Every structure is written in structure tokens, then in C-alpha cells.
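Beneath this line is the structure, given in C-alpha cells, with notes to follow.
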Amino acid sequence: MGEVALAALTGKCSPALVLSPLFAPGFDAVDLLMHLKDAAFRGRYLILAPSMPDIPLIRAEMLAQAGDVEVDIICLSDASALHLV
């Protein structure tokens, strides 16, 4: 995973939203969530996930680890309007 400027995620200029995929080569959303939590990020972390049957279980696990970070997952399918962008 590339370096995330954690100092930029807190304070008066911090973003209200962080968006990432659930996973990618060398990247896992759980790892980023732990960095956000450790940095005391107080915004929303939105995760884009491929269509898969275990999304509710994945979301529950993410919420259990989130602390004060507001986490949600959007499940994308091939029919999703976001795939047309």
C-alpha cells in the first residue's frame, strides 16, 4: 500500500470523505481503515466493492473495527450506473 499522508486526514483542513476500493493489487481497505482510525479521522470512509455475496459480513467486520470512523460499502455490479462513467 502506498503512503497515506495521515497528518492531512485530521485537523481543520481534513477531508469529509475518503473513497477507496475494497481491494486492489497491494491494497486492502481494512489496512486503510486501521490507518484512518489510528489518525483519529472523523470523516466518512466509503468503500467501493465488486458484486460479491459476502458484502454484509464484510461490512459488519469493517464496522466492528472502525471505532469513530463512519464506514459504508457500496457494492457495484456490472449493471451499476457507476460503471458507465
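Using label points projected 7 Å from each Cα along Cα→Cβ, tell me how many nm separate ALA64 and LYS37, to one decimal.
1.1 nm
Count charges around LEU33 for me, please; just the other residues with Cβ under 14 Å from its Cβ, Lys/Arg as +1, Asp/Glu as -1.
Computed value for this residue: -3.
How are the Cα pair distances of region 14-84 distributed, in percent, across 10 Å bins from 0?
Histogramming region 14-84 at 10 Å steps yields 20, 53, 25, 3 percent.
Just to check I understand the Karplus step: with θ = phi - 60° and J = 6.51 cos²θ - 1.76 cosθ + 1.60, what whole-Hz values come out for region 49-63, glycine and proline as x?
Each residue of region 49-63 in turn: 10, x, 5, 8, x, 9, 4, x, 5, 4, 4, 4, 5, 5, 5 Hz.
In nm, what is the difference between 0.36 nm times the number of residues separating SER77 and SER51 and their Cα-Cα distance?
Length gained, SER77 through SER51: 8.9 nm.
Any read-out appearing in this document is the output of simple, stated calculations on the displayed coordinates, not a laboratory observation. Here the structure is a predicted model, which is why all the values come from computation and not from measurement. Note: ideal-geometry Cβ built from the backbone for every residue, glycine included; neighbour counts use all protein chains shown.
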